[in-house]
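Worksheet: the structure to be examined is printed underneath.
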Ligand code: A3P
């Protein structure tokens, strides 16, 4: 099935999610050629849920023996997190490329916005790791609305592209990588039955208790922090390196563009929890919350 978005571009449905043609083509290419290898780590998220932060954190955590977080030549100080951890379907598998992932030196980090059911089946029986980060739908929606405005570099879009339209799209479900709630549920379910494969994280918890969440991440990835590391402030140093304030002020993130043409700076804005209150009406919030609650009913997952 296909649908048109508000700009007249066609979206296609594949395994329950909506994609623009280039992304769908890359997903089909990925599904044909990707096979799980033991040391793969896949960072999964719905767009605008904290992907950039997760990429930076996981990169810093798994490479901490090679690159100490206070190293002046740390790769995160000179490169955008999206260049260090590349997307399977937006980057590596586009244009029918066969990226030869297995030839990369371990640990091999990749990212995706695909729902769990679209990830390759070979991951299920592998010792690979998938980390999923989710965020409240209302903050995701507002973040995406700002992102699209910056993306097309038309500040006037704030008035041309009313947030109501974005709310309508989310309610209808036909938008790139949507529906949000179906994707969240796909990873939640898998994390409940296969906790060795999928770690389910929440942006709000990362904001609230960052040290605990980074330690949880390291435990899951099989590289727990030692007592000595904890006492030397390693966790705090990693958090500082990966903070929104630090990353967004780096030259590498203020300038340049990501391989798919998006400006690096578009991935950093305000961060935190609850910015939706500045943009959505209570009625919009209620509709979105009800829709998510309905989908998640009985799953054990709740958004406060
Ligand atoms: P806001 O638009 O609400 O500010 P993604 O990385 O999935 O595209 O998500 C982008 C959102 O994460 C943006 O949210 C952005 O500001 C926020 N973000 C980016 N880097 C971050 C960091 N290091 N720490 C916390 N939030 C971050």
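Tell me which residues, restricted to the stretch 241-251, are under 11 Å from residue 56 (Cα atoms) and assigned to a helix (DSSP H, G or I). Working first, answer last.
Quick first cut of the stretch 241-251, residues under 11 Å from residue 56 (Cα atoms) only: 241-244, 247.
Across the stretch 241-251, the qualifying residues are 241, 244, 247.
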With a cut-off of at least 3 residues that are within 13 Å of the ligand (Cβ to nearest atom), modelled with pLDDT of 95 or more and within 30 Å of residue 68 (Cα to Cα), name the helices (runs of 4 or more DSSP H) lying wholly within the stretch 128-237.
203-208, 210-220
Condition check: within 16 Å of the ligand (Cβ to nearest atom), at pLDDT 95 or above and closer than 16 Å to residue 120 by Cβ. Does residue 44 satisfy that?
yes
Meets criteria (under 21 Å from the mean Cα position of the chain (by Cα) and part of a loop (DSSP other than H, G, I, E, B)) for residue 301
yes
Looking only at strands (runs of 3 or more DSSP E) that fall completely inside the stretch 4-91, which ones have 3 or more residues that are in contact (Cβ under 8 Å) with a residue 12 or more places away in the chain and buried (at least 18 other Cβ atoms within 10 Å of the Cβ)?
17-19, 40-45
Hey, residue 262 hits all of (1) modelled with pLDDT of 95 or more; (2) within 30 Å of residue 172 (Cα to Cα); (3) within 11 Å of the ligand (Cβ to nearest atom) but one; which does it fall short on?
(1)
Of the residues that sit in the stretch 263-285 and are farther than 21 Å from residue 163 by Cα and out of contact with any strand residue (DSSP E or B) (no Cβ under 6 Å at 6 or more places or on another chain), which one is surrounded by the fewest Cβ atoms within 10 Å (Cβ to Cβ)?
265
Residue list for the stretch 53-80, filter: modelled with pLDDT of 95 or more and under 20 Å from residue 271 (Cβ atoms)
53, 54, 55, 56, 57, 58, 59, 60, 61, 69, 76, 77
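The values are calculated or read from the model by the stated rules, or taken from the named source; none is laboratory data. Nothing here was measured: the structure is a model prediction, and the numbers come from that model. Because the Cβ atoms are built from the backbone with ideal geometry, glycine has one as well, and the counts that use them run over all protein chains shown.
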